[in-house]
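Below is one structure, written out as structure tokens; the observations come after it.
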Amino acid sequence: MGLKVKVGLSGGNVVMMLIIPIEDYELAYRGATLMYKCQGEPTKNPLARYIADSLKYLESIRNCRET
């Protein structure tokens, strides 16, 4: 996967742009679609939702420490 990430700031927010080959995007989109479909959760943009859900998870473990 030839992933490149560009990061910038806009009005106090971080803006991230992913640059990936179309084949990798299509594969990731199909995977996210299948995941939410199998869970019975319809969504308009499954890949964006997957990314948002991942960020929510990371936020939930922000203060977690390895034991």
Excluding same-chain residues fewer than 8 positions from Lys44, which lysines have a Cα within less than 21 Å of its Cα?
Lys56
Correct option for Kirkwood radius over Cα pairs in Å [calculated from the coordinates] among (1) 14.1; (2) 12.4; (3) 11.6
(1)
Heavy atoms only, probe 1.4 angstrom, no DNA, RNA or ligands counted: give me Arg30, Arg49, Arg65 ranked by accessible area, highest first.
Arg65, Arg30, Arg49
Estimated vicinal HN-Hα couplings, Hz - segment 32-38 in sequence order (Karplus 6.51, -1.76, 1.60; Gly, Pro = x)
5, 4, 5, 4, 6, 5, 5
Just read off the accessible area of Ser54 with the full protein assembly in place, 1.4 Å probe, to the nearest 10 Å².
40 Å²
Can you work out ³J(HN,Hα) from phi for every residue in segment 50-63, in order, using Karplus 6.51 cos²θ - 1.76 cosθ + 1.60 and θ = phi - 60°, giving whole Hz and x for Gly and Pro?
4, 5, 5, 4, 5, 5, 4, 4, 4, 5, 5, 10, 3, 9
Any idea what the relative contact order of the chain is, in percent, if you count C-alpha pairs under 8 Å spaced at least 6 apart?
20 percent
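The values are calculated or read from the model by the stated rules, or taken from the named source; none is laboratory data. These numbers were taken from a predicted model, which means no experiment stands behind them. Ligands, DNA and RNA are excluded from the accessible area calculation, which covers all protein heavy atoms including side chains. Shrake-Rupley method; radii C 1.70, N 1.55, O 1.52, S 1.80 Å.
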